[in-house]
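Reviewing the structure listed below.
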Amino acid sequence: MCEKCETGVEILTRNGEGRRNFLRGGAAVAAAPLAAAGFSGSRAAAQPSDALAQSEVQAWAARDTDGTFAPYTITRREARPKDVVIDIMYSSICHSDIHTYKGDWGMPNFPLVPGHEMVGRVVGVGSEVTKFREGDIAGVGTMVDSCGECVNCLADREQNCLNGTTFTYDSPDQVSGGVTYGGYSKRIVVTEDFVLRIPPGVDLAGFAPLLCAGITTFSPINHWDLKPGQRYGVIGMGGLGHLAVKLGAAKGAEVVVFTTSQDKLEDARSFGASEAYLWSDEEGLRSQMASFDLMLSTVPVAYPMQQFLNMLKLDKTLVNVGALFPVEGAHGMMMGFGRQSLAGSMTGGIAETQRVIDFAAHHGVAATYEMITPDQIGEACERVVNRQARYRYVIDMTAA
């Protein structure tokens with residue numbers, strides 16, 4: 001087991017190289033075909049000449065803020081020289097998809113095709129692609145392009161592109177015009193710099209959620225340098241939170257979970273937590289005061305945070321990755337007395353996303369999920385809203 005996997009901050013690129021050179025290394029090309037060869041239930045890859053052409057693709061779109069999903073045909077562009085064409089096998093439902101179609105962050109463009117956690121088979125590559133070959137298994141996450149030139153992009157933080165990140169769905173499409181369409185579809189075309197390699201021998205459906213939920217929870221662990229033996233609190237244990245627990249445990253941290261669901265206490269321990277408490281357990285929460293080196297809030301709605309900020313040691317940080325709304329209940333005097341930090345984080349760059357995929361494969365981490373078919377998307381989204389998901393819904397696009 002390498003030292004970098006167990007201690008210190010994760011190194012995002014090898015020997016200081018930019019992520020584009022790193023991801024184009026020979027090892028990246030060699031690993032993915034093994035995963036393709038090991039998957040027995042896939043369809044045959046299309047002929048390259050057909051796969052590279054513009055195509056009409058079956059998708060499933062939300063038609064309104066009620067989440068009424070129906071089949072919808074979209075156009076995928078003709079592949080450019082640096083494009084990768086992927087037939088999507090598995091695409092998972094993120095709470096962000098629900099916030100988007102409900103208009104929680106502003107009215108979306110309907111029909112809306114969500115989905116930014118997907119794994120599939122490469123069926124075509126442009127003439128200048130070096131990272132992938134037909135038959136490889138690849139993933140696409142929360143973004144599909146950025147300027148590549150600003151200070152943030154050059155620092156491997158494409159998600160913070162100063163000239164405008166192109167997100168995977170409902171984002172202005174800088175190539176084809178209109179808006180981007182996501183992974184609730186049977187095919188996607190993406191420039192190779194935003195395609196992730198999926199290691200051989202993993203649960204492909206269980207790896208799809210790593211493309212958003214995994215990197216969203218791993219990036220703070222990496223940035224705030226969570227070390228083995230440190231106390232790490234996870235607030236909320238849904239799609240994001242259960243991966244936060246698994247990844248923290250894989251880092252060797254002492255993981256403690258805080259949940260509002262009685263039936264998740266035992267699950268938390270099975271995922272690697274050493275302790276788990278209900279929010280209503282006042283005595284249990286008091287016992288955790290001033291004891292944590294890092295806390296991660298994965299709850300998708302705003303709530304009073306001060307009771308959890310009080311659990312931080314002096315000079316430590318609570319990172320919010322769940323509620324992308326105005327923060328509630330943080331008390332300036334109390335934060336000042338404990339010199340506590342409340343921070344935000346949202347997804348991660350491409351190199352860091354590849355890092356969490358490789359880390360998860362090395363440590364045997366994958367999402368816990370329930371498989372559904374595309375006709376069940378609307379029902380599954382409602383179950384997510386009602387906190388009934390255990391823990392990610394993954395759409396089987398091969399069954400469509």
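No lab work stands behind these numbers, since they all come straight from the coordinates. Quick caveat: nothing in here was measured; it's all calculated off a predicted structure. Cβ placement follows ideal geometry from the backbone for every residue including glycine, while neighbour counts extend to all protein chains displayed.
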(message) Positive end of the dipole of the chain, charges at C-beta (+1 Lys, Arg; -1 Asp, Glu), about the Cα centre: which of VAL202, GLY344, THR75 has its Cα farthest in that direction?
(response) VAL202
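Pairs LYS246/LYS316; LYS186/LYS246; LYS227/LYS251; LYS246/LYS313: which are spaced more than 18 Å apart, C-alpha to C-alpha? Write out the running numbers ahead of the final one.
Values: LYS246/LYS316 21 Å; LYS186/LYS246 30 Å; LYS227/LYS251 7 Å; LYS246/LYS313 23 Å.
Listed pairs above 18 Å: LYS246/LYS316; LYS186/LYS246; LYS246/LYS313.
Applying 1/(1 + (r/R0)^6) with R0 = 56 Å to the Cβ-Cβ distance of GLN306 and GLU56, what FRET efficiency is obtained, to the nearest 0.05? Spell out each step's value before the answer.
On the way: r = 53 Å, r/R0 = 0.94.
Efficiency computed from Cβ-Cβ geometry: 0.60.
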(request) Filter the trypsin sites (Lys or Arg not before Pro) in region 278-360 to those in DSSP coil with at most 13 other Cβ atoms within 10 Å of their Cβ, and list the result. (result) ARG339
(message) Just to confirm the number: angle between the C-alpha axis of helix 350-363 and the first principal axis of the chain, 0 to 90 degrees, nearest 10?
(response) 70 degrees
(message) Need the C-alpha centroid separation for region 302-381 versus region 259-292, integer Å.
(response) 16 Å
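Could you tell me which of rounded, prolate or oblate describes region 214-344, using a ≥ b ≥ c as the square roots of the eigenvalues of the alpha-carbon gyration tensor, with rounded for a/c under 1.5 and, failing that, prolate when a/b is larger than b/c and oblate otherwise?
Verdict is rounded for region 214-344.
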(message) Give me the dipole magnitude in Debye, nearest 20, for the chain about the Cα centre, with unit charges on the beta carbon: positive for Lys and Arg, negative for Asp and Glu.
(response) 560 debye
(message) Run lengths n ≥ 4 of DSSP H only: what is the helix-derived mean residue ellipticity at 222 nm for the chain, with -39500 (n - 2.57) per run over all residues, to the nearest 500?
(response) -7000 deg cm²/dmol
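How high is the relative contact order of region 257-301, in percent, counting Cα pairs under 8 Å that sit 6 or more residues apart? Numbers along the way, then the final one.
Numbers: 31 pairs, mean separation 14.0, N = 45.
This gives 31 percent for region 257-301.
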(request) Place +1 on the Cβ of every Lys and Arg and -1 on the Cβ of every Asp and Glu in the chain, take the dipole about the Cα centre, and give the residue among TYR369, THR166, MET295 whose Cα lies farthest towards its positive end. (result) MET295
(request) Working from Cα positions, state the angle (0 to 90°, nearest 10) between the long axis of helix 213-223 and the longest principal axis of the chain. (result) 60 degrees
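Please report the relative contact order for the chain, taking Cα pairs under 8 Å with a sequence separation of at least 6, and give it as a percent rounded to a whole number.
Averaging sequence separation for qualifying contacts and normalising by length gives 18 percent for the chain.
Please go through region 84-159 and write out the GluC sites (Glu not before Pro) that DSSP classes as loop and that have at most 12 other C-beta atoms within 10 Å.
GLU128, GLU149
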(message) Rounding to the nearest 10 and keeping the result within 0 to 90°, find how far the Cα-based axis of helix 239-250 lies from the longest principal axis of the chain.
(response) 70 degrees
(request) Return the whole-Å distance between the Cα centroid of region 191-226 and the Cα centroid of region 83-139. (result) 14 Å
(request) Read through the labelled values [x] 29, 59, 12, 0; [y] 25, 50, 20, 4, 2, 0; [z] 20, 43, 24, 11, 2, 0 and report the label of the one computed as P(r) over Cα pairs in 20 Å bins from 0, in percent from the structure. (result) [x]
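Write down the percent of antiparallel bridges among all DSSP beta bridges whose residues are both part of the chain, to the nearest 5.
Working: 34 of 62 bridges.
Antiparallel bridges make up about 55 percent of those DSSP assigns within the chain.
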(message) Rounded to the nearest 20 debye, what is the charge dipole size of region 214-344 about its Cα centre when +1 sits on each Lys and Arg Cβ and -1 on each Asp and Glu Cβ?
(response) 360 debye
(request) Quote the relative contact order of region 214-344 in percent (integer), defining contacts as alpha-carbon pairs under 8 Å separated by 6+ residues. (result) 22 percent
(request) For region 214-344, build the charge dipole from Cβ charges (+1 Lys, Arg; -1 Asp, Glu) around the Cα centre, then report which of VAL319, MET237, LEU226 sits farthest towards its positive end. (result) LEU226
